[in-house]
Structures are given as C-alpha cells and as structure tokens.
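Below is one structure; the comments refer to it alone.
The values are calculated or read from the model by the stated rules, or taken from the named source; none is laboratory data. The model shown is predicted, which means the values in this text are computed figures rather than measured ones. Heads up, the Cβs are rebuilt from the backbone with ideal geometry, glycines too, and the neighbour counts pull from every protein chain shown. Just so you know, the surface numbers come from the protein's heavy atoms only, side chains and all, with ligands and any DNA or RNA stripped out. Shrake-Rupley method; radii C 1.70, N 1.55, O 1.52, S 1.80 Å.
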Amino acid sequence: MHSLDTAAIFLAGIALFAAFVNGAIGYGFSSLTVPLGLVFYTNRILNPAVVVVEVFLNLYVLFINLNGVPTVWKRVFPILVGMLPGIAVGAFVLASLQPGWIKLGTYAAILPLILLQAAGWRRPVRFSWLIGLPFGTGLGVLYSVTTISGPPLAILFNNQGLVKNEFRAGLALVRVAESSVTAVVYYQLGLFIAESENIFLVFVPSVVLGVPLGAYLIRRLDAETFRRICMSFDAWVVGFGFSRVLIDLNLMESPWAYSVLAVTILIDAYLLYVFFTVQKAASKRFANDNTN
C-alpha cells in the first residue's frame with residue numbers, strides 16, 4: 001500500500017488534469033480520475049468523494065448551458081426515469097461485492113465504451129421511451145458502481161445531431177440527476193466514511209483550479225483534437241488498470257496480463273492514425289476550397 005502522501009499527491013494531480021478536461025469539454029472528471037484512483041483505493045472509498053465533486057461540477061456545467069435545456073429536456077426524461085432503479089441496483093452491488101471484482105467490472109465495462117467513442121462510432125438513434133428507459137437503467141447501474149457515465153452518454157448524444165450547447169445541456173441534465181441521486185443512495189447505505197472525506201478534500205482545490213482553466217484554454221485549442229487525445233489517455237489508463245487487477249485477482253500472471261494494455265494501445269494507435277488522417281484530409285479540402 002502506498003503512503004497517504006503519495007496517494008494524495010497523485011490524486012491531486014490526476015484530479016487537476018481531469019477537472020481541466022471537464023471544464024474544456026463538459027465531462028470527463030470521473031472517467032479520468034477513477035481508473036487511476038483505483039490503483040490506490042477501492043471503489044467503495046473513492047466513489048463517494050467523486051460523486052460529491054460531480055454534483056457540483058455538473059450543476060456548474062448545467063448552469064452555463066441553461067439555454068440548451070428547453071430543447072433537450074423532453075428527450076432525456078425517459079433516461080432519467082430509467083436511471084432511478086439502476087442507481088439503486090448499482091449501489092447495492094457496490095456495497096455487497098468484493099472490491100477487487102468491482103474494479104474488474106469497472107475496467108471491463110468502460111474500456112470498450114472508450115474505444116467505441118474514440119472510433120467515432122455513429123449510428124443515428126432517436127430518443128424514445130423504448131430506448132431511453134433501458135439505456136437509463138443500464139447507465140444508472142454503471143454510474144453508481146463506477147461513477148463513470150461519460151463515454152456511453154457521449155456516444156448517445158453524438159448521434160442526435162445536437163448543437164454544442166444542447167449537447168452539453170443534455171449531458172449536464174443527466175449527470176446532475178445521476179450524481180445527486182447516487183449521493184443520496186450512498187448516504188443511505190452508509191458509504192460515506194472518513195477516508196472518502198479525505199479524498200474529497202484533496203479533490204476540491206484541484207477542481208477549483210482546473211475547471212475554469214480548462215474552460216478558458218479550450219477557446220485556444222482545437223476542441224475535437226483535444227477531446228480525442230484525452231480519449232487515448234483514458235483508454236491507456238483503463239488498459240493498465242485492467243491488467244493490474246487481473247494480476248491482483250490471480251486471473252492472469254505477469255507479464256501476460258499486460259497483453260490487455262498492449263492490445264488497447266495497438267487499437268488506440270490505429271484509431272489515432274485514422275483520426276489524424278481524416279483531420280489532415282479535411283484540412284486540405286478546406287484549404288483548397290479557400291484558394292479556389
């Protein structure tokens with residue numbers, strides 16, 4: 001076990017970067033913080049601190065994108081309804097299962113979602129009760145067990161043809177609801193403990209500094225390239241965590257367990273090549289159109 005100082009410094013640095021990303025693109029705090037935080041802590045200790053931070057982060061994102069709410073709230077309402085039983089089930093799983101297996105489930109669930117998002121997966125899907133209810137239930141289970149919901153939400157919302165503020169407003173509506181309800185359920189189950197409070201206190205200054213910095217600097221960066229690089233970092237982190245927990249649970253031996261990380265890096269490298277090839281071609285077409 002690492003010392004508290006080492007863990008605190010590490011978490012503060014990761015939280016600062018994650019808050020920067022969240023400020024820039026509207027989500028990403030938990031999906032970046034949790035995979036690396038699990039190297040030091042179990043989900044039961046880490047999740048409550050992350051959830052409380054996300055309540056305030058998501059309220060902030062919702063506040064600055066309020067003008068998009070009238071367009072999207074009816075679309076996301078079925079997701080919100082379906083999410084409630086999912087959160088209850090997921091929180092019960094978190095309180096009941098052995099921490100190592102929860103870590104394994106966390107990595108196994110989010111790695112393919114991150115790679116799908118990185119691949120720019122597009123399948124037009126219309127919001128409806130038939131889609132929203134089961135999606136919301138699955139999302140509620142995923143979030144209350146892992147505190148991560150950004151990748152599946154981004155995949156869904158990217159296929160809706162929403163403009164930027166509508167996209168962020170829809171994400172924020174769902175994430176305010178899921179983080180707030182999950183915090184209440186965690187409290188009822190007695191999951192808020194002293195160690196979680198210490199982690200929360202580590203997160204606070206990182207978030208206060210990182211979010212406005214990300215919101216400011218994204219105006220000077222190519223948002224799509226920045227988002228894609230963050231996905232790569234996230235995928236590599238999850239691949240490493242996946243490999244580590246396979247060793248910890250004696251499911252695979254080192255170095256064979258790191259084949260998961262190696263495969264993740266190879267897939268992501270290919271997806272990065274495709275992304276930048278497409279970006280380069282688009283830039284050339286844009287330049288040619290401007291010269292004609």
Item checked: region 234-257, subset of a type in the set (Phe, Trp, Tyr) and surrounded by 14 or more Cβ atoms within 10 Å (Cβ to Cβ), residue farthest from Phe276 (Cα to Cα) -> Phe242
Next item on the list: Tell me which residues, restricted to region 157-178, are farther than 12 Å from Gly68 by Cβ, open to solvent by 20 Å² or more (accessible area, probe 1.4 Å) and either among the acidic types (Asp, Glu) or not in a loop (DSSP other than H, G, I, E, B) (or both).
Entry: Asn158, Val176, Ala177
Item checked: Residue check for Ile14: farther than 21 Å from Pro152 by Cα, within 17 Å of the chain's Cα centre (by Cα) and of a type in the set (Val, Ile, Thr) -> yes
Note to self: Considering only residues that are over 20 Å from Ala169 (Cβ atoms) and not in a helix (DSSP H, G or I), which ones fall in region 13-60?
What the structure shows: Leu38, Val39, Phe40, Tyr41, Thr42
Check: Say we look at region 183-199 and pick out the residues that are among the hydroxyl-bearing types (Ser, Thr, Tyr) and in contact (Cβ under 8 Å) with a residue 24 or more places away in the chain; which of these is nearest to Met83 (Cα to Cα)?
Finding: Tyr186
Margin query: Any residue that is open to solvent by 10 Å² or more (accessible area, probe 1.4 Å) and not in a helix (DSSP H, G or I) - is there at least one of those in region 84-94?
Written below: no
Notebook entry, point to check: Based on what the data block shows, is Arg168 modelled with pLDDT of 80 or more and among the charged types (D, E, K, R)?
Noted result: yes
Check: Yes or no: Ile79 buried (at least 22 other Cβ atoms within 10 Å of the Cβ), touching a helix residue (DSSP H, G or I) at 6+ places or on another chain (Cβ under 9 Å) and over 26 Å from Phe233 (Cα atoms)?
Finding: yes
Next item on the list: Name, by its number, the condition in (1) of a type outside the set (A, V, I, L, M); (2) open to solvent by less than 10 Å² (accessible area, probe 1.4 Å); (3) out of contact with any Phe, Trp or Tyr (no Cβ under 7 Å at 6 or more places or on another chain) that does not hold for Lys74.
Entry: (2)
Item checked: region 1-22 - residue that is small (Gly, Ala, Ser) and open to solvent by 10 Å² or more (accessible area, probe 1.4 Å) and, of those, modelled with the lowest pLDDT -> Ser3
Notebook entry, point to check: Hey, any hits in region 234-247 for a residue that's without any contact (Cβ under 8 Å) to a residue 40 or more places away in the chain and not in a helix (DSSP H, G or I)?
Noted result: no
Notebook entry, point to check: Do we find a residue being of a type in the set (S, T, N, Q), surrounded by fewer than 18 Cβ atoms within 10 Å (Cβ to Cβ) and in contact with a helix residue (DSSP H, G or I) (Cβ under 8 Å, 6 or more places away or on another chain) anywhere in region 98-121?
Noted result: no
Next item on the list: Find the residue count for region 26-60, including only residues that are over 18 Å from Ala177 (Cβ atoms) and open to solvent by 10 Å² or more (accessible area, probe 1.4 Å).
Entry: 7
Next item on the list: Inspect all residues belonging to region 61-68 and state whether any of them is farther than 16 Å from Pro212 by Cα, surrounded by fewer than 19 Cβ atoms within 10 Å (Cβ to Cβ), free of Cβ contacts under 8 Å to residues at least 24 places away in the same chain and not aliphatic (A, V, I, L, M).
Entry: no
Next item on the list: Scan Val163, Val176, Val184 and give me the residue that is more than 15 Å from the chain's Cα centre (by Cα), modelled with pLDDT of 90 or more and either aliphatic (A, V, I, L, M) or at positive phi (or both).
Entry: Val184
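The rows are residues; the columns are (1) acidic (Asp, Glu); (2) in contact (Cβ under 8 Å) with a residue 40 or more places away in the chain; (3) under 15 Å from Val141 (Cα atoms).
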| site | (1), (2), (3) |
| --- | --- |
| Leu11 | no, yes, no |
| Asn22 | no, yes, no |
| Phe29 | no, yes, no |
| Val39 | no, yes, no |
| Pro70 | no, no, no |
| Ile79 | no, yes, yes |
| Phe92 | no, yes, yes |
| Gln98 | no, no, no |
| Ala109 | no, no, yes |
